[in-house]
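Novice: Would you mind keeping the following structure in view while I ask a few things?
The values are calculated or read from the model by the stated rules, or taken from the named source; none is laboratory data. All values derive from a computational prediction rather than experimental measurement. Note that each Cβ is placed from the backbone with ideal geometry, even for glycine, and that neighbours are counted across all protein chains shown. Just so you know, the surface numbers come from the protein's heavy atoms only, side chains and all, with ligands and any DNA or RNA stripped out. Shrake-Rupley method; radii C 1.70, N 1.55, O 1.52, S 1.80 Å.
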Amino acid sequence: MLGTLTAIIASGDKPVSVSENSVLILKAGVTTPDRGNDNPLAGFDFFDMTLTPVPGLNEILKNIEKASTDTRIKGILIENGLFPSGWATTAEIRSALTNFRATGKFVISYSDYVMTQECYYLSTAADKIYINPASMVDFKGLSSEIMFYKKALEKIGVEVQVIRHGKFKGAVEPFLLDKLSEENRSQIKDYAGSIWKSVIEDISVSRGIPSELLNRIADNLDGNIASKALESKTG
């Protein structure tokens, strides 16, 4: 077992061979840590004895930059998944793809079943977006949900005591209140709205679609089905 395990881990450290006219595959819609893990056992599945390294954001950005100057790599294919990577992480990768395209190389995006909002945002940096006509495009805007524990804690006899100063102290509200305070509602609306505004502006620039139209499509779920998204010109 030790010999087999060592051989599997060692095989993951072999340098990648890149042939002429290659296409770099970018797995999107996956959990992406800020930095890669140097632990040789990271990404190892002991059940099926396979090694699947999870690249960090730093490694993804570095490899996209390297690919932009590698004459053997002609373009990038984005394969979209279903898991959130985070808006900040997605924005960093999207910026790197935009720089990659500026070198004259192509970027193609593909999704088979569901294209999440983050993946669509990333894919708008591509030359073309391909998607199954019957699949779903999850383009509906952002929302935020807060779970409150006050009444549950009261039922088990737990009293929460907090010392706080000022009105905008929303972190402890779930333990003290049974609904959002106006101050917390305001700050959540502001930061969620600022993220969405940035996303819409980037999409508008890259796809040539007015921000007002993009918001209307999201509000009405006009792009929920891929065929409708094509009619709405969000592709």
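Novice: So how tilted is helix 87-101 from the main axis of the chain? Cα-based, degrees 0 to 90, rounded to 10.
Specialist: 30 degrees
Novice: Using DSSP to define loop residues, name the trypsin sites (Lys or Arg not before Pro) in segment 70-177 whose beta-carbon has at most 12 other beta-carbon atoms within 10 Å. If you can, show how the numbers build up before the last one.
Specialist: Details: sites: 72, 74, 94, 101, 105, 128, 140, 150, 151, 155, 164, 167, 169; in loops: 72, 105, 140, 164, 167, 169.
Hits after loop and neighbour filter: 72, 164, 167.
Novice: Helix 211-220 against the longest principal axis of the chain: what's the angle in degrees, Cα atoms only, rounded to the nearest 10?
Specialist: 70 degrees
Novice: Averaged per residue, what accessible area in Å² does the chain show with a 1.4 Å probe, protein chains only?
Specialist: For the chain, the per-residue accessible area is 64 Å².
Novice: Out of every Cα-Cα pair in the chain, what percent are more than 25 Å apart?
Specialist: Looking at the chain, the distances longer than 25 Å represent 56 percent of pairs.
Novice: Would you mind telling me the share, in percent, of accessible area of the chain contributed by carbon and sulfur at probe 1.4 angstrom?
Specialist: 57 percent
Novice: Subtracting the Cα-Cα distance from 0.36 nm times the residue separation, let me have the gained length for residue 211 to residue 185 in nm, one decimal. Let's see the in-between values first.
Specialist: On the way: separation 26, 0.36 × 26 = 9.36 nm, distance 2.45 nm.
Between residue 211 and residue 185, full extension yields 6.9 nm more.
Novice: Can you list residues from other chains, or at least 5 along the same chain, whose modelled amide H is less than 5 Å from the amide H of residue 115?
Specialist: The answer is 136, 137, 138.
Novice: How far is it, in nm, from the label point at residue 150 to the one at residue 82 when both lie 7 Å from their Cα along the line to the Cβ?
Specialist: Result for the modelled spin labels: 3.7 nm.
Novice: Starting from the amide H of residue 107, placed 1.01 Å from N in the peptide plane, find each other amide H under 5 Å away whose residue is 5 or more places distant or on another chain.
Specialist: Counting only residues 5 or more places away or on other chains, the set is 76, 127, 128.
Novice: Which GluC sites (Glu not before Pro) from segment 77-161 combine a DSSP loop assignment with at most 10 other Cβ atoms within 10 Å?
Specialist: Filter output for segment 77-161: 145, 159.
Novice: Determine the alpha carbon to alpha carbon distance for each of 66/128; 105/140; 27/140; 151/179 and list only those over 20 Å.
Specialist: Values: 66/128 22 Å; 105/140 31 Å; 27/140 23 Å; 151/179 11 Å.
From the list (66/128; 105/140; 27/140; 151/179), the Cα-Cα distance tops 20 Å for 66/128; 105/140; 27/140.
Novice: How tilted is helix 2-11 with respect to the longest principal axis of the chain? Cα atoms for both, answer in degrees (0 to 90, nearest 10).
Specialist: Approximately 80 degrees, to the nearest 10.
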